[in-house]
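Report on the structure given below.
The values are calculated or read from the model by the stated rules, or taken from the named source; none is laboratory data. The structure displayed is predicted, hence computed values, not measured ones. So basically every Cβ, Gly included, is an ideal-geometry build from the backbone, and we count neighbours across all protein chains shown. These area figures cover heavy atoms from the full protein model, side chains too; ligands, DNA and RNA do not enter into them. Shrake-Rupley method; radii C 1.70, N 1.55, O 1.52, S 1.80 Å.
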Amino acid sequence: MPNLLEVKGLKATYGPTEVLHGIDFGLEPGRITAILGANGAGKTTTLRAICQMVRTAGSALFEGQQLVGRATEEVVRLGVAHVPDGRGTFTALSVEENLRLGAHVRRDKDRIAGDIDKMYSRFPRLGERRHQQAGTLSGGEQQMLAISRALMLRPKLLLLDEPSFGLAPKIVAEIFRILRSINSEDQVSMLLVEQNAKLALELADQAYLLETGRVAMAGTSAQLMADESVRRAYLGV
Ligand SMILES: Nc1ncnc2c1ncn2[C@@H]1O[C@H](COP(=O)(O)OP(=O)(O)O)[C@@H](O)[C@H]1O
Ligand SMILES: [Mg+2]
């Protein structure tokens with residue numbers, strides 16, 4: 001089967017500064033892929049480049065369609081949903097209003113209510129707080145809302161930027177368990193960016209290691225987990 005996303009020679013620049021220097025990677029459909037790397041390696045920029053939220057050059061083919069040069073909204077319409085770092089929920093709106101906003105580009109309006117109920121069954125904490133202002137949720141609940149809002153697009157590919165950041169291990173375990181079930185039950189492919197390499201490799205099927213805007217290593221999660229340099233630099237073992 002061809003890759004869902006095929007990235008070749010992708011560059012990204014902020015003003016005069018190039019921070020992705022032509023990276024290559026592919027995502028297999030139905031899989032979870034992780035991008036690992038130290039702070040500043042270019043992980044967030046890679047997700048922004050796929051979404052066309054930063055100036056890019058090179059190629060990113062999603063189901064054969066070129067993303068580079070499109071508007072972000074068009075990338076979203078093709079089925080790519082982004083859960084940005086810092087979550088980006090609308091704090092003044094209720095949980096349910098956030099979920100409705102997540103579906104705003106969808107044409108099948110009659111299925112939205114059913115999908116909102118599905119999010120509440122996946123994330124019961126959100127159901128209990130459906131009328132609560134998003135800004136008053138705990139960090140873990142806000143992350144759940146950010147993921148649910150992205151899923152309201154019915155995306156084929158979910159981009160996740162450090163979903164574990166700042167959360168207690170117990171909440172992280174709960175969120176990662178739900179991500180796994182969304183992947184296996186709804187066949188949503190995922191590209192997961194994490195500084196927490198252990199967590200990411202446990203969830204993902206394959207992984208890429210970014211070092212200062214370049215792909216330094218690629219393989220299955222098991223291969224990276226077994227690699228001596230990865231173990232020393234990123235797993236602390
Ligand atoms: N808005 C920005 N303007 C200028 N430089 C940026 C901006 N955002 C990130 N950078 C730089 O780009 C590089 C990659 O950053 P980023 O993609 O955020 O890394 P990571 O997510 O892996 O920590 C870093 O050197 C960072 O300082
Ligand atoms: Mg980042």
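Annotations
- Residue among Thr56, Thr89 that is assigned to a strand (DSSP E or B), farther than 15 Å from Pro155 by Cα and not aromatic (Phe, Trp, Tyr): Thr56
- Taken over region 125-141, residues that are under 22 Å from Gly166 (Cα atoms) and open to solvent by 70 Å² or more (accessible area, probe 1.4 Å) amount to 2.
- Hey, Leu160 touching a strand residue (DSSP E or B) at 6+ places or on another chain (Cβ under 6 Å), in contact (Cβ under 8 Å) with a residue 24 or more places away in the chain, under 23 Å from Ser181 (Cβ atoms) and open to solvent by less than 10 Å² (accessible area, probe 1.4 Å) or not: yes
- Region 90-109 residues that are within 16 Å of Gly127 (Cα to Cα), paired with ones that are of a type in the set (Val, Ile, Thr) and buried (at least 16 other Cβ atoms within 10 Å of the Cβ) (beta carbon under 8 Å, 6 or more apart): Glu96/Ile116; Asn98/Thr89; Leu99/Ile116; Arg100/Ile112; Arg100/Ile116
- If you go through region 32-41 and keep only what is within 6 Å of ligand 1 (Cβ to nearest atom) and open to solvent by 10 Å² or more (accessible area, probe 1.4 Å), you end up with Asn39, Gly40.
- Selection of first residues in region 1-23 that are within 16 Å of ligand 2 (Cβ to nearest atom) and of second residues that are aliphatic (A, V, I, L, M) and open to solvent by 30 Å² or more (accessible area, probe 1.4 Å), restricted to Cβ pairs under 9 Å at least 6 apart or on distinct chains, gives the following pairs, ordered by first then second residue: Ala12/Val19; Ala12/Ala57; Ile23/Val215.
- Within region 71-86, considering residues that are away from ligand 1 (no atom under 16 Å from the Cβ) and either part of a strand (DSSP E or B) or of a type in the set (Lys, Arg) (or both), the one nearest to Met119 (Cα to Cα): Ala81
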